[in-house]
Amino acid sequence: MESEVGHIVTVASGKGGCSKTSLVTLLSGNLAAAGYRVAVIDADPNASYHQWHQLYEGPEINCFCEIRHEEIVDAAQGRAESYDVVLIDTAGFGNTTAAFAAGTADLVLIPIMPDRASAVEAMRTARQVQAFGKAGRREIPFRIVRSRWNPRGLVERAVGADLTEAGLPLIEQHLSDLSDFGKLSLTGKVPTSGKVGEQAMGIIKEMIGLGAVPAAPAKVAA
Ligand SMILES: Nc1ncnc2c1ncn2[C@@H]1O[C@H](COP(=O)(O)OP(=O)(O)OP(=O)(O)O)[C@@H](O)[C@H]1O
Ligand SMILES: [Mg+2]
């Protein structure tokens, strides 16, 4: 993958409320704190990320709203020219805009919470991402991100077994049940240290390993 052009990471799932916006918030804040030039495209008509971004305090993150499916690819690829990382928050996978956002992504992250419906929906989303890649004659890399996750929990173990059986690739680093997430939506501060910061950086390191985030911030502000 070229380091000249920034990378596009789309967060999507057919399941509502599975941590998509929280993941985008956490990743955007931690990438910005690590010196990356970060753009977030809020492709959800509810504009939750955009609303939160108005409260955001921290190193610069540029937020753009684009919900039109015929514009999302140009919007993402255009931003990738001037940002290290373009994150796209979607309204789920049952809509065309999310499908196009996945179609242009270097990596699709599919968050999941510990319940079986969430696992079933993640599998369906993964199949849709695969089909969308096939339509464009390429493979779109995707990974499941486990959120609100207690690795020792009973449900988590059952859902984990479902995911393994389905052969779905995981980001190894999970996000714990973070009471801080509630605060995150009320304050403009993103935790970049402590347990939350460490977990976010763990995910970012894996994204670097997958070539979906440059190893170091490449673009210098003009
Ligand atoms: N790891 C976590 N621990 C605790 N709470 C979490 C975690 N991740 C998300 N939440 C909470 O779960 C709720 C749903 O999260 P979020 O809004 O990120 O999901 P979403 O997938 O973007 O939802 P939507 O489909 O409505 O866009 C929020 O109240 C959020 O604070
Ligand atoms: Mg959301």
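Quick note: the coordinates plus some simple rules give every number you see, no bench work behind them. Because the structure is predicted, anything quoted here is derived from the model rather than measured. Quick reminder, even Gly has a Cβ in these numbers, built from the backbone with ideal geometry, and neighbours come from all protein chains shown.
Just a few scattered comments:
- Kirkwood-based shape ratio for the chain, expressed as Rg/Rh from alpha carbons: 0.93
- Cross-link reach is defined here as a Cα-Cα straight distance under 16 Å, omitting same-chain residues fewer than 8 places apart; for K195 the aspartates and glutamates meeting it are E172, D177, D180.
- Gained length - E71 relative to K183, 0.36 nm times residue gap less alpha-carbon distance: 37.0 nm
- Helical content of the chain, expressed as a calculated mean residue ellipticity at 222 nm, amounts to -13000 deg cm²/dmol (DSSP H runs of 4 or more residues, -39,500 (n - 2.57) each, divided by residue number, nearest 500).
- The stretch 64-163 shape via C-alpha gyration tensor axes, a/c threshold 1.5: prolate
- Ordering of 135-142, 99-106 by burial proxy (mean other Cβ atoms within 10 Å per residue, highest first): 99-106, 135-142
- Around the amide H of F93, modelled in the peptide plane, lie the amide H atoms of S13, G14, K15, all under 5 Å away and 5 or more residues distant in sequence or on another chain.
- Virtual spin-label span in nm between R124 and E172, 7 Å along Cα→Cβ: 3.2
- Phi-derived couplings, Karplus 6.51 cos²θ - 1.76 cosθ + 1.60 at θ = phi - 60°, listed residue by residue for the stretch 182-197: x, 5, 3, 7, 9, 10, x, 9, 9, x, 10, 9, x, 4, 5, x Hz, with x used for Gly and Pro.
- Length gained on full extension, N62 to N150: 28.4 nm, using 0.36 nm per residue less the C-alpha separation.
- Computed over neighbours whose Cβ is under 15 Å from that of A122, the net charge equals +3, Lys and Arg +1, Asp and Glu -1.
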